[in-house]
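Have a look at the structure below, then the notes.
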Amino acid sequence: REAMPLKVILPDRETPRAAMAHGHVATHDFPSVGSLGHYAGLCKPCDFVHRNTCRQGANCKYCHLCGPEENKRRKKQRQGVARALRRFEREMAAAVSQGFPCHPAAAAAIQRQAQVRAFAGLGA
């Protein structure tokens, strides 16, 4: 038994969370309340909708417009950004250790991060 989506006009700039707080449900263009931020890239995909096991229906706070592989794609994207950041930090640390000029705040941050990683046993 699936809830019938209702047509609701939301005030300008109302977020999905605020929409839920005001008791608004989904519109015809957005199958769930969590889908409101889909076209702006501000949604979180629903893991259950593509398995037909989402129990919240139109009141689900997660996006029902994202494809079934969206969570995996976003996770890979986050991992790629983290990998690039770690590579940049290593390169900056190597440059600082070789005596290349660097902004003092950046050099201090690199040294602090190296100390934290060493303390946590994460290595360089």
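The values are calculated or read from the model by the stated rules, or taken from the named source; none is laboratory data. All of these numbers come straight from a predicted model, not from anything done at the bench. Glycine gets a Cβ as well: all are built from the backbone with ideal geometry, and neighbour counts include every protein chain shown. In case anyone asks, the SASA skips ligands and DNA or RNA and just uses the protein heavy atoms, side chains included. Shrake-Rupley method; radii C 1.70, N 1.55, O 1.52, S 1.80 Å.
What's the total number of residues in region 86-104 that are open to solvent by 90 Å² or more (accessible area, probe 1.4 Å) and of a type outside the set (Asp, Glu)?
10
Take the conditions (1) of a type in the set (Gly, Ala, Ser); (2) part of a helix (DSSP H, G or I); (3) touching a helix residue (DSSP H, G or I) at 6+ places or on another chain (Cβ under 8 Å); Ala82 misses just one of them, which is (3). When you scan region 72-93, do you find a residue that is at pLDDT 90 or above and in contact with a Pro (Cβ under 9 Å, 6 or more places away or on another chain), even just one? Yes, some residue in region 72-93 is at pLDDT 90 or above and in contact with a Pro (Cβ under 9 Å, 6 or more places away or on another chain). Pairing residues of region 69-81 that are touching a residue at least 24 places away in the same chain (Cβ under 8 Å) with residues that are open to solvent by less than 100 Å² (accessible area, probe 1.4 Å), at Cβ distances under 6 Å and at least 6 apart in sequence or on separate chains, gives Glu70/Pro45; Asn71/Pro45. Within region 105-124, the residues that satisfy the criterion of being in a helix (DSSP H, G or I) and open to solvent by less than 100 Å² (accessible area, probe 1.4 Å) are Ala105, Ala106, Ala107, Ala108, Ala109, Ile110, Gln113, Ala114, Val116, Arg117, Ala118, Ala120. When residues in region 49-75 are screened for being outside any helix (DSSP H, G or I) and exposed (fewer than 14 other Cβ atoms within 10 Å of the Cβ), 6 of them pass.
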